[in-house]
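Let me begin by presenting the structure, written as structure tokens, before commenting on it.
The values are calculated or read from the model by the stated rules, or taken from the named source; none is laboratory data. Predicted, not measured: the structure shown is a model, and the values here were computed from it. Using ideal geometry, Cβ is built from the backbone for each residue, glycine included, and neighbour counts are taken over all protein chains shown.
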């Protein structure tokens, strides 16, 4: 089967029938910058910020920065004890609805998520695993490792005359990477995230992944002064060295 090299996007239909978030993201992410109508972008941006579903999500955020007092719940479940959809899914849903990554709900949640990348021993960071980890320290270690990998991100800043503004993040995958059972370590290098600058290339090392980014024009951010073209860092490609074979005796190698 031949895979087409070009695709047609039904722009006129989307702008007539789609929800404001889809219209906004189509206009700012699909339509070439030169062909965008600034007034229409501004109008859709306002609609996105006042979209009922997005505002409902924002109102449910707790003072801790979390949603549903958990990280991983995809939906409410009485059997498991989940009362609300969790932080990861609500965070992602807000992004899908077109909210900029530096909006207050994200900054609020990031305070907690960035702590997962540290070696902070606060039991509160175990969230839904906190009670079970009291009886099983090994579970607590595993939960910290998985939380760190799931939250891993590298934040990049733009320096203009010693004035710093967020350029965006390169993020790790959604936590679906296979657990290595702490064969290498649950607290060493892959529990953290760090940038790598190689010539004019920008990369982020996060867990078993290396993500390359590039700066592109477009988009919008709350902290960008008027009259300054918005820029953001976006993912270009990634490679993962996650476990992909059965364990062997001795220290694990991702090349097994």
Given the conditions (1) at pLDDT below 75; (2) surrounded by 16 or more Cβ atoms within 10 Å (Cβ to Cβ); (3) not in a loop (DSSP other than H, G, I, E, B), report the number of the one that residue 157 does not fulfil. (2)
Residue set 201, 214; condition surrounded by fewer than 16 Cβ atoms within 10 Å (Cβ to Cβ), closer than 27 Å to residue 44 by Cβ and at pLDDT 75 or above; output residue 214
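Yes or no, residue by residue, for (1) in contact with a helix residue (DSSP H, G or I) (Cβ under 9 Å, 6 or more places away or on another chain); (2) at pLDDT below 90; (3) surrounded by 21 or more Cβ atoms within 10 Å (Cβ to Cβ); (4) within 24 Å of residue 165 (Cβ to Cβ):
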site	(1), (2), (3), (4)
40	yes, no, no, no
60	yes, no, no, no
84	yes, yes, no, no
98	yes, no, yes, yes
113	yes, yes, yes, yes
135	no, yes, no, no
140	yes, yes, no, no
Out of segment 64-79, which residues are surrounded by fewer than 11 Cβ atoms within 10 Å (Cβ to Cβ) and modelled with pLDDT of 90 or more? none
Looking only at segment 53-105, count how many residues are more than 26 Å from residue 30 (Cα to Cα), outside any loop (DSSP other than H, G, I, E, B) and more than 17 Å from the chain's Cα centre (by Cα). 4
Taking the conditions exactly as written (surrounded by fewer than 15 Cβ atoms within 10 Å (Cβ to Cβ), modelled with pLDDT of 90 or more and over 18 Å from the mean Cα position of the chain (by Cα)), does residue 45 satisfy them or not? no
